[in-house]
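Below: one structure, written as structure tokens.
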Amino acid sequence: MIKLGLLGNNISKSEMPNFMTKLGNEFDFEIKYELFDKALEKKFNFKNFLSQIKEKNIFGLNVTYPFKELAVEHSTELSEETKLVKSTNLLLINESITSHNTDYIGFLNTYKFNFNQRPSKLVVLGGGGVGKSVCFALIKLGVKELYIIEKDHIKLEKLIKDLKKQYEQVYSIMLGELIENQREFDGFLNCSEQGHVNTPGNSFDGLRLNNNQWCFDVVYTPAMTTFLKNSEKSGAKIITGIELFLFQGIESFIIFTEQEKLRKKIMNNYDKIREYFFKKLII
């Protein structure tokens, strides 16, 4: 049996336990998956939590908001993606604590699944753990110009400084300025919590996209956020958070099971897996 878990806040609606056990059943792995929701804990001690995880013989953790950056500080070994992004969403726990970033790899695959050309002029809303991963992935994909909206100015300055070490054409922008110049942009990516069932609303309120533009929302509960619904009505191409959820989940499963050879078989069933979760999460 492989014991796994998810660490985060307000994660009761996460589909990761379902996803992992479903893939496990498909490929003959017995997986037990536990949620560790820390939303109500006023003082969370990561070191003590890891000790508890080891006592439970849990081998791996998926990590979500707001622990993706804190988890890096408690890792003893970092994957190349984690070193680059300074954020993690997966921990392997044994004698050492090894962190991986499947958000980064998952977004690379999400983009390649939907497009066959270099990204052009894009804006990303949100500079947290997943936002950082998406930004670094966009640079890897060859984005021409990248603009970032982040209300935490200290976080924004640090992120832009780190990104500029990889690529110079990275800038900050205010939402009002974006609205005024929205026709100049090709794609709009929400990497914030806005639109989630617990934080409803329109992440890019005021945008009116057209059929030459596209948008992505990291939120997948619900899959059709207000932002995506409005954009679809305007004729824009939409990419739901289900795509990133699945692609990063596949990477996680391969790391947890140490079965790289299963990648081809899983991807051969991707349309079937996507259809299952798409029907489940389109609300």
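The values are calculated or read from the model by the stated rules, or taken from the named source; none is laboratory data. The structure presented is a predicted model; accordingly, all values stated were derived computationally and were not measured. Cβ placement follows ideal geometry from the backbone for every residue including glycine, while neighbour counts extend to all protein chains displayed.
Those residues that are aliphatic (A, V, I, L, M) and under 24 Å from Ile238 (Cα atoms), I need them from segment 68-115; list them, please.
Ile105, Leu108, listed by residue number.
All but one of (1) of a type outside the set (D, E, K, R); (2) touching a Leu at 6+ places or on another chain (Cβ under 7 Å); (3) within 24 Å of Asp271 (Cα to Cα) hold for Gln182; which doesn't?
So Gln182 meets the others, but not (3).
Residue by residue through segment 174-207, note down the ones that are over 21 Å from Leu244 (Cα atoms) and surrounded by fewer than 17 Cβ atoms within 10 Å (Cβ to Cβ). Working first, answer last.
Kept after step one, since they are over 21 Å from Leu244 (Cα atoms), are these residues of segment 174-207: 174-185, 205-207.
Listed by number, the residues that qualify are Met174, Leu175, Gly176, Glu177, Ile179, Glu180, Asn181, Arg183, Glu184, Asp205, Gly206.
I'd like the residue in segment 9-47 that is under 24 Å from Tyr270 (Cβ atoms) and assigned to a strand (DSSP E or B) and, out of all such residues, is nearest to the chain's Cα centre (by Cα).
Looking at residues that are under 24 Å from Tyr270 (Cβ atoms) and assigned to a strand (DSSP E or B), I get Tyr33.
Quick check on this structure: which one of Phe188, Phe247, Phe277 is in contact (Cβ under 8 Å) with a residue 60 or more places away in the chain, part of a strand (DSSP E or B) and of a type outside the set (Asp, Glu)?
On the way: Phe247 fails: part of a strand (DSSP E or B); Phe277 fails: part of a strand (DSSP E or B).
Going through Phe188, Phe247, Phe277 in turn, just one is in contact (Cβ under 8 Å) with a residue 60 or more places away in the chain, part of a strand (DSSP E or B) and of a type outside the set (Asp, Glu): Phe188.
Checking the conditions here, which among Asn211, Asn268 is in contact with a strand residue (DSSP E or B) (Cβ under 9 Å, 6 or more places away or on another chain), loosely packed, with under 15 Cβ neighbours inside 10 Å and more than 27 Å from Lys151 (Cβ to Cβ)?
Selected residue: Asn211, the only one of Asn211, Asn268 that is in contact with a strand residue (DSSP E or B) (Cβ under 9 Å, 6 or more places away or on another chain), loosely packed, with under 15 Cβ neighbours inside 10 Å and more than 27 Å from Lys151 (Cβ to Cβ).
Just to be sure, is Asn181 in the same structural domain as Ser231 (by TED's automatic domain parsing) and at pLDDT 95 or above?
Details: in the same structural domain as Ser231 (by TED's automatic domain parsing): yes; at pLDDT 95 or above: yes.
Yes.
Take the residues in segment 16-75 that are closer than 22 Å to Ser133 by Cα and among the acidic types (Asp, Glu), then tell me which one is modelled with the lowest pLDDT.
Going through the qualifying residues, I end up with Glu69.
Can you tell me which residue in segment 1-48 is surrounded by the most Cβ atoms within 10 Å (Cβ to Cβ), limited to those that are under 20 Å from Ile93 (Cα atoms), among the basic types (Lys, Arg) and out of contact with any Lys or Arg (no Cβ under 7 Å at 6 or more places or on another chain)?
Lys38
Thr225 - would you say it is surrounded by fewer than 21 Cβ atoms within 10 Å (Cβ to Cβ) and either touching a Leu at 6+ places or on another chain (Cβ under 8 Å) or not assigned by TED's automatic domain parsing to the domain that holds Val85 (or both)?
So Thr225 does not fit the description; no.
Identify all residues within segment 83-109 that are within 19 Å of Phe136 (Cβ to Cβ), surrounded by fewer than 24 Cβ atoms within 10 Å (Cβ to Cβ) and among the β-branched types (Val, Ile, Thr); write none if there are none.
Result: Ile105, single match.
Of all the residues that make up segment 218-241, how many are more than 13 Å from the chain's Cα centre (by Cα), assigned to a helix (DSSP H, G or I) and in contact (Cβ under 8 Å) with a residue 12 or more places away in the chain?
5
Residue under question is Leu61, and the condition is that it be without any contact (Cβ under 8 Å) to a residue 60 or more places away in the chain and either in the same structural domain as Cys191 (by TED's automatic domain parsing) or in contact with an Asp or Glu (Cβ under 7 Å, 6 or more places away or on another chain) (or both); does it hold? If you could, list the steps in order and put the result at the bottom.
On the way: without any contact (Cβ under 8 Å) to a residue 60 or more places away in the chain: yes; either in the same structural domain as Cys191 (by TED's automatic domain parsing) or in contact with an Asp or Glu (Cβ under 7 Å, 6 or more places away or on another chain) (or both): no.
No.
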